[in-house]
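Engineer: My questions will all concern the structure given below.
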Amino acid sequence: MAIWDKIVGQFIDVIEWVDETNDTIVWKFPRYDNEIKNGAQLIVRESQVAVFLHEGELGDIFPPGRYELTTQNIPILTTLKSWKYAFDAPFKCNIYFVSTRQFTDLKWGTKNPLMLRDPEFGAVRLRAFGTYAMRVGDPGTLIEEIAGTDPHFSTDEITGQIRNILVSRFADALAETGIPMLDLAANYNEIGDQLRTTLGGEIDEYGIELTKFLVENISLPAEVEAMLDKRTQMGLVGNMQTYTQFQTANAIQDMAENPGAGGNMMGVLAGVGMGNVVTGAVQGATQPQQQQQPPSGGPPPLPPQVQWFAGIDGQQAGPFQQDALAQLIQEGKIDRDTLVWKQGMDNWIAAGDVPDLAGLFGATPPPLPK
């Protein structure tokens, strides 16, 4: 019985691969010097192909299906040195199963910032990362160029090389898109599709097809993003003077509604006042120079007109300029006893007692005696 088992063990009748992993690309069928029996059953499942090699020479490639291995359906084997017997004789051959399914959620990312020239911000440093998906496009090329005689070839053995290619070509491909930095986030899908087409040709040389290239994030250095946030805040504020007035109104309303918080509100108002000073200084500094100083050799600016207020018929009237006040005196609406006031005076004073106005009454005759 043991002799019969030994004889039976020399031949392989069923050749198949049940993949229980998520990262195996190529798996070599473990022949262990056993000969494959002519007429053996080859089972190739979906998302697999079977590749026959003999002494490094590529043989037939079988797509998914069930096959009976004979010289009629593996014609290349008839030319191999191992096939030197009759059709019913066994043969020796290396058989590799190659997974053709998609391998997804593979990571890529830039190790160092990429230097690019942006039309609005000039030279910028960008970092980027994302995911990609791949599958075997040419099993024979993959085995000849990459996998070789490796009995168990996984994604870890090829993703490093692919990631290096993706990152090294990413900067050039991104620059060729011509998309401004602030518009990149709105064009991730378009960028990914364009890069997949651009980068896929180089990866095809390894028998690998790049089926998906996703850009998840393109970011600036943290300090640049902070400055960009400040710029965004200023854009939301808009007119600084209007914003300051709005803050002042809110502070006054809060003070009226919360008398106990007067100290805090005064601090807010003081800050707003300082903001007004700064705003005024900035506005003054940005005014054209010709508005601050008269032209060289020209006359100095006119002094401001004095504004007067008068008590007429028991009501405050004004403000009046000096010429208008003189006209009212001539019309008899203002006399020497009429109370007047201007900025800088502590109290209302009779018009006849004001030196600036006394001369206006000298030209007016006194009333006729009765």
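Here, each number is a calculation from the coordinates, and none is a lab measurement. It should be emphasised that the depicted structure is a prediction, and the values quoted were computed from it without experimental measurement. Don't worry about glycine lacking a Cβ; one is built from the backbone with ideal geometry, like all the others, and counts go over all protein chains shown.
Engineer: When we measure straight from the Cα of LYS28, which aspartates and glutamates land under 13 angstrom away, once same-chain ones fewer than 8 places off are left out?
Structural biologist: GLU16, ASP19, ASP150
Engineer: Using only alpha carbon pairs under 8 Å that are at least six residues apart, calculate the relative contact order of segment 308-362 and give it in whole percent.
Structural biologist: Working: 66 pairs, mean separation 16.5, N = 55.
So the answer I get is 30 percent.
Engineer: Tabulate in residue order the Karplus-calculated ³J(HN,Hα) for segment 189-198, using 6.51 cos²θ - 1.76 cosθ + 1.60 with θ = phi - 60°, rounded to whole Hz; enter x for Gly and Pro.
Structural biologist: 5, 5, 5, x, 5, 5, 5, 4, 5, 5
Engineer: Enumerate the calculated ³J(HN,Hα) couplings along segment 112-118 in order (Karplus 6.51 cos²θ - 1.76 cosθ + 1.60, θ = phi - 60°), each rounded to whole Hz, writing x wherever the residue is Gly or Pro.
Structural biologist: So the Karplus estimates, Gly and Pro as x, are 10, x, 9, 8, 10, 9, 9 Hz.
Engineer: Can I ask one more? Within the set of other residues whose C-beta is less than 14 Å from the C-beta of ARG101, count the net charge using Lys and Arg as +1 and Asp and Glu as -1. Walk me through the numbers before you get to the answer.
Structural biologist: Details: positive: ARG45, ARG135, LYS212; negative: ASP19, GLU20, ASP23, GLU46, ASP105, GLU209.
Computed value for this residue: -3.
Engineer: Tell me which residues come under 5 Å, amide H to amide H, from GLN321 once H is placed; ignore anything under 5 positions away on its chain.
Structural biologist: TRP308
Engineer: Using Cβ contacts closer than 10 Å as the measure, can you line up THR100, THR159 from fewest to most?
Structural biologist: Values: THR100 16, THR159 19.
Fewest-to-most ranking of THR100, THR159: THR100, THR159.
Engineer: Still on this structure: Enumerate the calculated ³J(HN,Hα) couplings along segment 169-186 in order (Karplus 6.51 cos²θ - 1.76 cosθ + 1.60, θ = phi - 60°), each rounded to whole Hz, writing x wherever the residue is Gly or Pro.
Structural biologist: Couplings: 9, 5, 4, 4, 5, 5, 5, 5, 5, x, 7, x, 4, 6, 9, 5, 4, 7 Hz.
Engineer: To make sure I understand the rule: partners must be aspartates and glutamates, Cα under 15 Å from the Cα of LYS107, and not fewer than 8 residues away in the same chain. Which ones qualify?
Structural biologist: List returned: ASP23, ASP156, GLU157, GLU216.
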